[in-house]
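Report on the structure given below.
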Amino acid sequence: MSISDKGKDNIDLSRRNLLIGSVGAAFMVAFAPSLLAQQSSVNKMLTDKNFSPTVWYEIDQNGVIKVNIARAEMGQHVGTALAKIVAEELGADWNDVIIEHVNTNPKWGYMVTGGSWSVFQSYEPLSRAGAAGRAILIEAGAKALNKSIADCHAENGFVVCGQQRISFAELIKTQQFNKTVSADELKNYAIKSRKHHTIIGKQSQALDIPPKVNGTAVYGIDVEVPGMIFARPVVPPSRYGNKVESVDDSNAKKITGYQGYKELSDPSGWLEGWVVVFADNYPAAVQAVDKIKVSYLHNDALSISEADIQNRGKALIADQEAGALLVDVGNTATAQESAASQFDSTYTTSSAMHFQLEPVNAVVEFKEGVWHVHSGNQWQSLTLPAVAKALEVDDSQVIIHQYYLGGGFGRRLFGDYMIPAVLAAKAIGKPVKMVFTREDDAHFDQPRSPSVSNLSATLNDDNEVIGIEHRFTSGWPTKAMAAGFLAPSKDGKKKIDMLSASGSDHWYSLPNHKVLVYNNDLAQKTFVPGWLRSVGPGWIQWSVESFMDELAHKSGQDPAEFRLALLDAQGRQSGSAPHSVGGANRLKNVLNELTKKVDTQQTLPKNQGIGIALSFGQERSMPTWVALAAHIEVHPESGKVTVIKLTCVVDCGVVVHPDGALAQLEGSLLWGVSLALHEGTEFKNGQVASSNLHNYFPLRMKDVPDMDISFVESDEFPVGLGEPGTTVVAPAIGNAIFNAIGLRLKSLPMTPPVVKAMIEQKQGDTA
């Protein structure tokens, strides 16, 4: 079972019945928690308003439809997409729709925004909730107009019955609603097909854009509460093994506004050796940390380097017995015994960081027996229990108030940055605002782990691939932060972090295919491996699609034709309803569409090349079919690689919010370029070497390529778009570099010094 499957189950289990009723002046629809349903009858809940905080949407007497959003907004316009789903099925006027992001009250169910799951998980329940509301409104409208229900429909905020119509607002004012729909009954409400959509798939401005433009949008970093003081942490030199030996704040006391420091003790175990300073204002807090002197006792973590972690990874994958079995098709061992030849390659990636625009932060206040944490977060249901454990209180005594995120990208999935803030507030007995500086954020980051990936192909006498064995390792984020979501291996002997393995169980048909997955235990001991946008597929697809290109060239085939031949959609590669209908045929289709747009065999100027790569997004259970061509130029004198153009074809099923979908692809493709050519750091002495943007180099505006992105029209179930675009860029660029200069790069990032060194080595070898 994937994490997305588990999350969906948790959501379903937390909400048993759809409630529809009139409460005061509003028409409300909600999934009611089973506990409330047991405590009181529906009628009593409606009368007492006990269920009102659980509503997904409500319509007031003015016809305004408020859709409550339990997903984090971090630039992906998720609220707009989810509101469109509700509005479409409800038959609403889109101009009447507003959104509101909710806090962590348990009645909202399981809260997580990541994995490209938001629309995928929400589409069906929100669609059916909207459809149920539409049915109730039509029934009420028919009664009000003295018409048959069969003769009525809902459109643009009205119930229309022949030549007569009545607005939703008027119905709310004049009619009474009191009805329950069970989970089983909810399935009977039909969802509209794409040809009947008037809101889904249509262009419209995202609902979060106006507040972001006019300055009224509130981010976590903007929050202030009465009586708060400012805090900044002294981030220890390594993640683990730190113990405060002494603190000298004599120089800090000279700073106006400095209020002192506290050494933190963390019952949750996430903080080791932390000191926090307090001040009247943020500048004073920043200056105080720069002046304070903290001495530590350390363990051996300070001696660990990037090379140590990579070497550990290489040693791990050399031991077949240590791997967790993910894929086992045919018999790769038997195929190897009868092979005419074997071919293998090893690919690596360096540590990579988040560097989201808004540094992590939190405001904490304790009032009326409840700890209120104000911050932007992606996985509230994971973070809240950790915060409660740190405070040594019950989960019910903590509320996380949600705000816009100035970038998440996986860093804010686990809100460990809230823990020093709540401990600081508890220690000083006052509301605290803690804002990490960029350097603090970098040193407390959860970097993407360095990775090692080895693929070995077995070939017959005709140079045809008859088997592939794939072994790879990285530090697993899920093992570090959410071990309960580890999945059993295929043979049931071990556990696997599926987020660090997705992408390897691909849609190419191979008679023999084996995948072994390894957790890099040294990475785990050194830092907290993080979920970085696209997680495992971000580096796994780098190895798989580069290797497929290598095999194509080795067999003398066109890389596109080579891939098409392996996408036969047979057996398990045929896909299944409702989420992977068509299987490999849809991946074949986007590749065919790509080759119509881009002639990969065209004659190009010297040092230019075009490379292709495919991806199915994040998980086999929710595939997003992506094909990409990268047109690049290599500058031999400097080693710089210029990406001229990216051409991308995507099949994501029904496109809910076209503008948001395009923005998602644009953003993910650009980050793919950034991770391929620019972004990377290394561990030195147990800590990342990069501390700010002077020594960490994401993609700059001057290097943004032309992009041609197209979506396949589809009636199939909508799937994720936040991450799939990142996964295809690096291999497409790497394959293009090979086609341009005949060199195969196998490590990310492919920076100018690396490329130049390979060119010089080639020149030396041929001299």
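The values are calculated or read from the model by the stated rules, or taken from the named source; none is laboratory data. Keep in mind that what you see is a predicted model, and the values were worked out from it rather than measured. Because the Cβ atoms are built from the backbone with ideal geometry, glycine has one as well, and the counts that use them run over all protein chains shown.
Computed quantities for the displayed model
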read-out	value
Enumerated strands (runs of 3 or more DSSP E) restricted to segment 379-463, each holding at least 3 residues that are under 21 Å from Ala231 (Cβ atoms), touching a residue at least 24 places away in the same chain (Cβ under 8 Å) and of a type in the set (A, V, I, L, M, F, W, C)	398-401, 432-435
Inter-residue pairs, beta-carbon under 8 Å, first farther than 30 Å from Asp222 by Cα and in contact (Cβ under 8 Å) with a residue 60 or more places away in the chain and in segment 282-311, second assigned to a helix (DSSP H, G or I) and of a type outside the set (A, V, I, L, M), 6+ apart	Ala301/Lys525; Ala301/Thr526; Ile304/Lys525; Ile304/Thr526; Ile309/Thr526
Test: residue in segment 572-590 that is among the charged types (D, E, K, R), under 29 Å from Gln342 (Cβ atoms) and assigned to a loop (DSSP other than H, G, I, E, B)	no
Residue in segment 534-546 that is surrounded by fewer than 24 Cβ atoms within 10 Å (Cβ to Cβ), touching an Asp or Glu at 6+ places or on another chain (Cβ under 9 Å), assigned to a loop (DSSP other than H, G, I, E, B) and in the same structural domain as Arg572 (by TED's automatic domain parsing) present	no
Positions within segment 696-716 being among the hydroxyl-bearing types (Ser, Thr, Tyr) and under 23 Å from the mean Cα position of the chain (by Cα), in sequence order	Tyr696, Ser710
Answer from Asn735, Asn692 - the residue that is touching a residue at least 40 places away in the same chain (Cβ under 8 Å) and not in a loop (DSSP other than H, G, I, E, B)	Asn735
Whichever residue in segment 672-695 is within 18 Å of the chain's Cα centre (by Cα) and surrounded by 24 or more Cβ atoms within 10 Å (Cβ to Cβ) and, among such residues, is nearest to Pro623 (Cα to Cα)	Gly672
Boolean, Ser341 is among the polar types (S, T, N, Q) and either buried (at least 22 other Cβ atoms within 10 Å of the Cβ) or assigned by TED's automatic domain parsing to the domain that holds Ser453 (or both)	no
Segment 567-585 residues that are more than 13 Å from Ser714 (Cβ to Cβ), paired with ones that are of a type in the set (D, E, K, R) (beta carbon under 7 Å, 6 or more apart)	Leu567/Lys588; Ala584/Asp568
Test: residue in segment 344-357 that is in the same structural domain as Pro511 (by TED's automatic domain parsing), surrounded by fewer than 21 Cβ atoms within 10 Å (Cβ to Cβ), among the charged types (D, E, K, R) and under 30 Å from Ser453 (Cα atoms)	no
Failed criterion for Ala552 (all others in (1) surrounded by fewer than 19 Cβ atoms within 10 Å (Cβ to Cβ); (2) without any contact (Cβ under 8 Å) to a residue 12 or more places away in the chain hold)	(1)
Selection count where residues are on the phi > 0 side of the Ramachandran plot and aliphatic (A, V, I, L, M), scope segment 528-548	1
Hits in segment 492-523 (condition: part of a loop (DSSP other than H, G, I, E, B) and either among the charged types (D, E, K, R) or not assigned by TED's automatic domain parsing to the domain that holds Gln320 (or both))	Lys493, Lys494, Asp497, Asp505
Identity of the residue in segment 620-641, small (Gly, Ala, Ser) and within 27 Å of Ser576 (Cα to Cα), that ends up surrounded by the most Cβ atoms within 10 Å (Cβ to Cβ)	Ala627
Residues of segment 700-759 classified as within 14 Å of His678 (Cβ to Cβ) and among the charged types (D, E, K, R), total	3
Evaluation of Glu139 against (1) touching a residue at least 24 places away in the same chain (Cβ under 8 Å); (2) out of contact with any Cys (no Cβ under 7 Å at 6 or more places or on another chain); (3) assigned to a helix (DSSP H, G or I) (one fails), failing number	(1)
So Ile644, is it over 30 Å from Val119 (Cβ atoms) and buried (at least 18 other Cβ atoms within 10 Å of the Cβ)	no
Matching residues in segment 695-712 - criterion: being touching a residue at least 60 places away in the same chain (Cβ under 8 Å) and in a loop (DSSP other than H, G, I, E, B)	Tyr696, Pro698, Pro705, Val712
Single condition Leu721 does not satisfy, out of (1) in contact with a Phe, Trp or Tyr (Cβ under 8 Å, 6 or more places away or on another chain); (2) assigned to a loop (DSSP other than H, G, I, E, B); (3) under 23 Å from Ser122 (Cα atoms)	(1)
First in segment 85-112 and part of a loop (DSSP other than H, G, I, E, B), second anywhere and at pLDDT 95 or above and among the charged types (D, E, K, R), Cβ under 7 Å, 6 or more apart	Gly91/Glu155
Subset of segment 579-626 [under 18 Å from Ala565 (Cβ atoms) and acidic (Asp, Glu)]	Glu593
Residue among Gly227, Gly241, Gly273, Gly269 that alone is over 30 Å from Thr80 (Cα atoms), in contact with a strand residue (DSSP E or B) (Cβ under 6 Å, 6 or more places away or on another chain) and outside the structural domain of Glu100 (by TED's automatic domain parsing)	Gly273
Those strands (runs of 3 or more DSSP E) lying entirely in segment 145-226 with at least 3 residues surrounded by fewer than 17 Cβ atoms within 10 Å (Cβ to Cβ)	178-182
Any chance Arg232 is at pLDDT 95 or above, out of contact with any Leu (no Cβ under 7 Å at 6 or more places or on another chain) and closer than 30 Å to Ile304 by Cβ	yes
Within segment 743-767, considering residues that are among the small types (Gly, Ala, Ser) and in contact (Cβ under 8 Å) with a residue 24 or more places away in the chain, the one surrounded by the fewest Cβ atoms within 10 Å (Cβ to Cβ)	Ala757
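Conditions tested, residue by residue: (1) modelled with pLDDT of 95 or more; (2) in the same structural domain as Leu82 (by TED's automatic domain parsing); (3) of a type outside the set (Ser, Thr, Tyr).
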| residue | (1), (2), (3) |
| --- | --- |
| Gly157 | yes, yes, yes |
| Arg165 | yes, yes, yes |
| Ile172 | no, yes, yes |
| Ser182 | no, yes, no |
| Lys187 | no, yes, yes |
| Ala190 | no, yes, yes |
| Ile200 | yes, yes, yes |
